[in-house]
Amino acid sequence: MQGVVAAFHELDSAVHAVEELKKRKYGDVTVYTPTPRHEFEDVLGAPESPVRKFTLVGGLCGVTFGYWIAIWCSKYWPLVVGGKAVASWVPYTIFGFEVMVLIGALSTVIGMFANSRIPRLTMTVGYDPRFSGGHFGVWVETTPEQAEEVSALLRRHGAEEVRSER
Amino acid sequence: MASAAAPRPTGPGERPNVPSANNRFPAVRDYEQVDREVIETLQPSFGWFAALATAIFCLLIGISTWIYQIHEGLGAAGYQPPVMWGVYIITFVFWVGIGHAGTLISAILYLFRAGFRTSIYRVSEAMTVFAVMTAGLFPIIHIGRPWKFFWLIPYPNWRLLWPQFKSPLVWDVFAILTYFTISSTFLYVGLIPDLAVLRDKETNPIRKRIFAMLSLGWRNSDREWRHFMRAYLFMAALATPLVLSVHSVVSFDFAMALTPGWHATIFPPYFVAGAIFSGIGMVFTIVIPLRRFFRLQHYITLNDLDAAAKLCLFTSMVVGLAYLTEFQIAWMSGNKVEQDYFWNRVFGQWAWAAWIMLICNMVLPISLFSQRLRRNTTWLFILSIFINIGMWFERFVIVVPSLSHEFEPWQWGSYRPTWVDYGILLGSFGWFFMWFLLFIKQLPVVAIAEIKEILAPRMRSQHGGGSH
């Protein structure tokens with residue numbers, strides 16, 4: 001993977017740079033921000049996160065398992081008290097609910113990890129430690145021929161530092 | 001720094017005690033300052049070592065007392081019929097309750113977009129995890145033979161035995177384990193971006209490597225933030241009903257029993273309100289010294305404490321209403337046993353404990369109607385100690401008087417905790433504060449990324465940058 005990375009100190013400069021990069025249709029653009037910034041969302045036009053599907057599926061599996069384990073265990077080892085139902089859905093709703101929350105939340109985390117592609121063992125090219133501090137980073141995938149042109153564009157928009165990486 | 005915590009003059013229509021974008025962090029200028037000042041708090045100091053040594057000493061007292069109890073049997077703990085639930089169950093409910101404010105602040109207030117949560121939620125969330133870890137010890141201590149604890153967990157075994165799923169004690173196991181897993185996961189997920197900051201700023205190679213592993217290679221990319229924000233929102237949405245359910249389940253331990261004073265439908269909301277109230281008390285106990293020793297007054301501002309104090313006042317009034325409603329239910333029920341029990345609670349055998357509860361939880365928090373007192377950290381700290389004491393006694397008043405004054409007069413008895421109970425109670429505070437003190441020197445106590453989110457980012461247009 002080859003590309004150009006730029007560090008910006010000002011948010012609006014980085015937003016304008018990304019806007020122009022997208023307009024000119026260079027390669028994939030990745031933005032690094034110390035904190036989530038909604039300004040980039042519109043410019044990048046990223047799709048809705050699919051994490052919610054993980055939550056839904058996990059939650060449904062959890063609630064099913066919660067009810068199932070309580071009902072199955074009750075039937076397998078029946079404790080008949082006062083002629084009451086061996087499996088009773090009212091108290092078992094507690095297990096349904098708790099396991100729904102447990103599996104739903106853990107699936108959400110798995111969904112976030114899978115979609116964000118973490119854990120990552122090595123830092124990929126294009127990252128700079130300043131991007132977790134006070135700088136905004138823009139990484140653009142380019143061909144060797146485009147690198148100079150993209151670097152000039154980023155500098156024109158006020159990038160503090162621009163460098164090519166591979 | 002103390003002057004920075006003073007409220008800034010406000011514009012027309014703005015109230016000084018209501019956090020807004022203009023008066024959140026007037027003394028914090030840029031992202032780099034946040035990184036620098038928060039990372040500075042991780043430097044160990046003599047005071048921290050002294051506090052940690054004290055906590056470990058208290059824990060050792062608790063451990064040795066527990067070993068003694070295991071050797072001698074539960075009789076060493078002051079249990080005697082009919083009071084077979086005592087300090088351990090009281091303290092279990094107390095610590096579970098403490099945890100609730102953390103989840104309220106980190107999850108529920110996140111969904112409500114309450115600005116004042118930002119600076120205190122990390123501490124509160126860590127408090128939740130350690131409080132639940134502490135609470136979880138007590139049922140194990142209480143069962144007397146702690147090595148049999150795993151019998152409560154449903155797992156395939158050669159005896160073909162399964163737990164009784166209609167027992168509130170099994171509900172507790174599921175609720176507490178879920179709560180611990182979710183609150184610790186929520187804490188860790190929120191920490192990932194801050195761990196990346198620590199990784200990038202750390203100079204010690206060993207610590208850098210540890211932070212690199214813990215931050216999972218987080219790079220702050222737009223893709224990561226997009227999924228992170230969505231996941232965080234859903235986790236908050238799942239943690240919100242969880243926090244309400246857990247203490248409801250704990251209340252079922254009592255409400256499901258046919259015991260005077262326990263068998264009431266008011267218990268779940270009463271317990272949840274009490275839990276949040278006690279948790280906010282503990283948040284004040286922790287946060288007020290912390291902001292002073294770490295010089296974080298300009299992050300955890302008086303406005304934040306003021307807003308939290310209002311929440312404390314509100315939950316105190318809900319708890320007070322629940323106390324009075326209990327009396328009303330007994331009065332209007334026409335049930336002689338119930339009426340006698342409540343009379344005994346406030347004017348009889350246990351009057352001293354009930355009045356400690358009523359004064360600490362209902363009377364003293366009324367002072368928070370005064371804005372001057374809500375913004376007085378000394379008073380807030382003193383009040384928080386009273387709230388902690390009052391809420392421990394609330395659980396004492398729920399557990400002991402009911403068991404000591406059941407239906408038949410020949411069953412009536414008394415209860416006196418022994419040094420074993422007190423030793424283990426002290427040990428629980430040592431355990432809790434040991435973990436908390438270790439946490440505050442290894443990981444940031446305020447959420448770096450969320451504080452930055454509130455700060456206005458640097459703009460080229462503001463710095464006279466040219467157009468392009």
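The values are calculated or read from the model by the stated rules, or taken from the named source; none is laboratory data. Being a predicted model, the structure only gives us computed values, none of them experimental. Neighbour counts are summed over all protein chains in view; Cβ atoms, including those assigned to glycine, are modelled from backbone coordinates with ideal geometry.
Here is a yes/no grid of residues against (1) in contact with a Leu (Cβ under 8 Å, 6 or more places away or on another chain); (2) closer than 30 Å to residue B:34 by Cα:
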site: B:379; (1), (2): yes, yes
site: B:389; (1), (2): no, no
site: B:412; (1), (2): no, no
site: B:425; (1), (2): no, no
site: B:442; (1), (2): yes, yes
site: B:455; (1), (2): no, yes
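Looking at (1) more than 25 Å from residue B:358 (Cβ to Cβ); (2) touching a Phe, Trp or Tyr at 6+ places or on another chain (Cβ under 6 Å); (3) not hydrophobic (A, V, I, L, M, F, W, C), can you tell me which one residue B:241 breaks?
(2)
Take the residues of the stretch B:97-133 that are buried (at least 24 other Cβ atoms within 10 Å of the Cβ) and among the polar types (S, T, N, Q): which is nearest to the chain's Cα centre (by Cα)?
Restricting to residues being buried (at least 24 other Cβ atoms within 10 Å of the Cβ) and among the polar types (S, T, N, Q), the top hit is B:128.
Does residue B:454 satisfy the condition of being among the aliphatic types (A, V, I, L, M) and away from chain A (no Cβ under 14 Å)? Give the derivation first.
Values: among the aliphatic types (A, V, I, L, M): yes; away from chain A (no Cβ under 14 Å): no.
In short, no.
So how many residues does the stretch A:126-158 have that are more than 11 Å from chain B (Cβ to nearest Cβ) and either farther than 27 Å from residue B:457 by Cα or in a loop (DSSP other than H, G, I, E, B) (or both)?
Count: 8.
When the stretch B:256-304 is examined, which residues are found to be assigned to a helix (DSSP H, G or I), within 30 Å of residue B:409 (Cβ to Cβ) and hydrophobic (A, V, I, L, M, F, W, C)?
Selection gives B:267, B:271.
Which numbered condition in (1) under 30 Å from residue B:160 (Cβ atoms); (2) surrounded by 20 or more Cβ atoms within 10 Å (Cβ to Cβ) is the only one that residue A:86 fails?
(2)
Could you look through the stretch B:174-216, keep only residues that are among the acidic types (Asp, Glu) and either assigned to a helix (DSSP H, G or I) or touching a Gly at 6+ places or on another chain (Cβ under 9 Å) (or both), and pick out the one that is surrounded by the most Cβ atoms within 10 Å (Cβ to Cβ)? Talk me through it step by step, then tell me what you get.
Looking only at the stretch B:174-216, we keep the residues that are among the acidic types (Asp, Glu), and these are B:194, B:200, B:202.
Add one more test, that the residue is either assigned to a helix (DSSP H, G or I) or touching a Gly at 6+ places or on another chain (Cβ under 9 Å) (or both), and what stays is B:194, B:200.
On the way: B:194: 25, B:200: 23.
Once the filter is applied, the top-ranked residue is B:194.
So, in the stretch B:153-173, of the ones that are more than 20 Å from residue A:103 (Cα to Cα) and either touching a Pro at 6+ places or on another chain (Cβ under 6 Å) or in a helix (DSSP H, G or I) (or both), which residue ends up farthest from the other protein chains (Cβ to nearest Cβ)?
Restricting to residues being more than 20 Å from residue A:103 (Cα to Cα) and either touching a Pro at 6+ places or on another chain (Cβ under 6 Å) or in a helix (DSSP H, G or I) (or both), the top hit is B:169.
I'm checking my understanding of the structure. Among residues of the stretch B:240-250 that are within 14 Å of the chain's Cα centre (by Cα), surrounded by 24 or more Cβ atoms within 10 Å (Cβ to Cβ) and of a type in the set (A, V, I, L, M), which one is farthest from the other protein chains (Cβ to nearest Cβ)?
B:243
Determine, yes or no, whether residue A:45 is over 21 Å from the mean Cα position of the chain (by Cα) and either closer than 30 Å to residue B:174 by Cα or modelled with pLDDT under 90 (or both).
So residue A:45 fails the test.
Only one residue in B:419, B:435, B:410 is at pLDDT 95 or above, loosely packed, with under 14 Cβ neighbours inside 10 Å and not acidic (Asp, Glu), so which one is that?
B:419
Check residue A:151 against each of (1) hydroxyl-bearing (Ser, Thr, Tyr); (2) touching a Gly at 6+ places or on another chain (Cβ under 8 Å); (3) in contact (Cβ under 8 Å) with a residue 40 or more places away in the chain and name the one condition it does not meet.
Answer for residue A:151: the failing condition is (2).
Show the residue pairs that are 6+ apart or on different chains and have beta-carbon atoms under 6 Å apart, the first residue being within the stretch A:11-38 and assigned by TED's automatic domain parsing to the domain that holds residue A:136, the second being part of a strand (DSSP E or B) and among the small types (Gly, Ala, Ser).
Here the result reads A:30/B:221; A:32/A:137; A:32/B:221, each pair linking the stretch A:11-38 to a residue that is part of a strand (DSSP E or B) and among the small types (Gly, Ala, Ser).
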